[in-house]
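The values are calculated or read from the model by the stated rules, or taken from the named source; none is laboratory data. For clarity, every value in this text was computed on a predicted model and none was experimentally measured. Quick reminder, even Gly has a Cβ in these numbers, built from the backbone with ideal geometry, and neighbours come from all protein chains shown. SASA here: full protein model, heavy atoms, side chains in, ligands and nucleic acids out. Shrake-Rupley method; radii C 1.70, N 1.55, O 1.52, S 1.80 Å.
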Amino acid sequence: MENKFLQFCIHRFAVISHHKIKLLLLLIIGCWSSLGVLLNYQDSDLEKSSFDQLIRSRIVTPKPDPKIIVIDIDEKSLDVLKNEFGRWPWPRETLGGLLAWIEKQGAQAVVFDILFADLDQLNQTSDFSFSKAVEESKSSFFPILRLNKINDDISQVHANDLIGFASNPENSNNNPTIAVIPPVFKTILDTKRIGYHNIYPDADGVNRSYLLWEKKDDWVLNSLPMRIGQEFGWKTPRSQKVLINFDNEPYSHKSIPFYKLWELSQSKKGQSQYEELQDSIVLIGSTATNLFDVKPTPISTIHPGVHVLANIIDNFKNEQFIYELPKSVKLLVLWLALLFMGLASEKLPEGMMKFSIFIIPTIFLGISFFSLNVGSIFIDLTLSASQALLFFSLISLYINWRSRYWAQFNPLNLFEKDAALYQSSLVMLLQRGNTNQQEVISKISRISKYSKIRQLGWLNELSNVQPAIYIATVYFEDKNSADSLVLNFNKIVNININKLYFSNVYEKLTGFNFQMKSSDNQLEHPIERGLPELELQICYDAFQAWSNPSK
């Protein structure tokens with residue numbers, strides 16, 4: 001009994017139109033994905049890794065600004081200057097002296113990617129010299145370390161203590177505490193050219209985006225690139241969070257070893273103009289591996305932090321950030337992609353459906369790839385590509401299963417073995433492109449839920465249009481319904497049929513005896529007109545073999 005019920009449920013599922021199955025599957029995928037977008041769960045590992053691969057494979061990449069230069073405290077600099085300054089950290093008067101010299105060369109800005117969080121108790125004179133250099137500086141910028149905001153309530157640093165880093169555009173009386181590690185030098189704070197240099201990685205630890213500013217109550221907390229942009233009047237990006245438009249190489253911006261500039265600044269030659277630094281934005285930071293300032297990015301797992309910062313400043317200055325679509329537009333694009341998938345599944349021949357598993361996702365990823373190469377909007381269709389992969393895989397499995405089910409259907413599994421059923425058997429020849437097997441199944445099963453339908457394949461040798469042969473046996477519980485099918489088949493099924501042959505058998509299901517007739521029911525020997533002799537003989541022999549497998 002349980003087996004019978006299971007077979008009945010499977011049969012009822014097979015009867016459902018393939019159009020409804022596709023629509024239901026698209027709605028389930030669309031609703032689930034929409035929920036993910038709304039709840040910010042859409043950034044799967046697959047999407048992130050796809051973005052990384054796309055951005056590494058770009059044909060068009062941003063050219064690094066030649067006026068953004070990295071002064072690199074690299075391994076060679078640490079080795080060359082260790083005899084003079086000892087191990088890192090060097091006396092700060094070294095950095096102060098180089099700051100003053102770079103500004104004399106006409107640099108537009110000097111940006112430190114070094115946190116000055118504590119005093120050098122063993123060399124206070126050196127700290128004083130550095131502080132004096134900062135006080136005299138007109139274009140230096142310094143970082144603040146932003147701590148986890150859950151610690152804001154226990155911090156003793158107030159927003160109005162860090163003007164420049166923190167701004168109050170609404171002029172409210174609120175003065176919240178902020179969890180930060182500020183520079184220890186008052187002269188740095190007095191410049192107001194300060195901002196956080198944190199970069200927040202995604203859940204997988206890769207740094208793809210940058211938060212240009214944060215909100216704290218009525219206050220705005222500025223990043224270091226944001227403060228630089230404000231000072232020089234650069235256009236403020238339209239989004240708080242942006243994707244970094246990385247160059248294809250982690251060391252793409254011009255880099256000068258620290259020791260070379262230091263030696264030049266101390267030489268007679270360095271007293272003349274060093275034109276390479278004129279009007280440049282100079283970053284002072286480290287790529288030395290033992291200082292551990294590296295960030296995993298889509299370009300490299302060991303991307304030096306100072307070069308990441310250079311990329312961000314470059315993007316800001318030259319308006320090259322990549323923007324993601326707003327959430328509302330993402331939802332619209334998601335449903336448009338689903339609509340395209342639905343239309344494609346309807347228009348494509350069944351034989352092409354299995355290839356769509358690869359073709360449609362490739363189209364979506366191609367659009368995403370194209371958007372990364374032109375313009376500043378990233379049309380992220382990686383989610384749609386994964387949806388297409390799922391949808392067409394399931395539909396291909398479903399079509400294969402449904403075709404096999406109806407070709408092997410046995411009504412005795414659903415009825416008693418001695419049931420007296422009436423059957424109408426027919427052979428249909430359809431022009432290629434008129435319909436497909438699922439359409440035939442859906443429309444014939446609409447006449448009777450108890451049908452056996454099989455496609456024999458294409459007759460490539462017989463006609464240029466390559467008609468397809470379908471053999472169907474439709475079972476009824478009364479004779480009138482069987483007769484009605486013969487008389488009104490085209491109206492009932494509404495399939496564009498090229499040739500149609502019927503045979504009615506009113507016997508029990510054991511044994512088939514029938515004479516094939518043409519649809520006009522006028523000729524005893526339809527082989528004499530209509531179809532070529534060979535074509536009709538193939539239909540007849542195939543039908544005989546299929547109806548009487550024991551013979």
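Computed from label points 7 Å out along Cα-Cβ, the spacing between Arg58 and His19 is 4.5 nm. Under the criterion of Cα pairs below 8 Å and six or more residues apart, the relative contact order for the range 81-203 equals 28 percent. Note on Glu319 and Leu147: with the Förster distance fixed at 30 Å, the Cβ-Cβ geometry gives a FRET efficiency of about 0.45. Probing with 1.4 Å while keeping every protein chain in the model, the per residue accessible area of the range 132-203 equals 52 Å². Sorting 15-28, 359-372 by their mean Cβ neighbour count within 10 Å, with the most densely packed peptide first, gives 359-372, 15-28. Full extension of the segment from Thr236 to Glu170, taken as 0.36 nm per residue of separation minus the current Cα-Cα distance, would add 21.9 nm.
Listed peptides 159-165, 6-12, 309-315, 202-208 appear in the order 309-315, 159-165, 202-208, 6-12 once ranked by packing, highest mean of other Cβ atoms within 10 Å at the front. Among the listed pairs Lys216/Lys327; Lys104/Lys215; Lys138/Lys260, give every one whose C-alpha distance is greater than 30 Å. Check vs 30 Å cut-off fails for Lys104/Lys215. Once the Cβ-Cβ distance of Ala203 and Gln156 is raised to the sixth power relative to R0 = 35 Å, the FRET efficiency obtained is 0.65. Taking a ≥ b ≥ c as the square roots of the eigenvalues of the Cα gyration tensor, an a/c ratio of 1.5 or more together with a/b no larger than b/c marks the range 89-168 as oblate. Between Asn248 and Leu211, the simple label model (points 7 Å from Cα in the Cβ direction) yields a spacing of 3.3 nm.
Between Trp32 and Asp118, the C-beta separation translates, for a Förster distance of 51 Å, into a calculated FRET efficiency of about 0.50.
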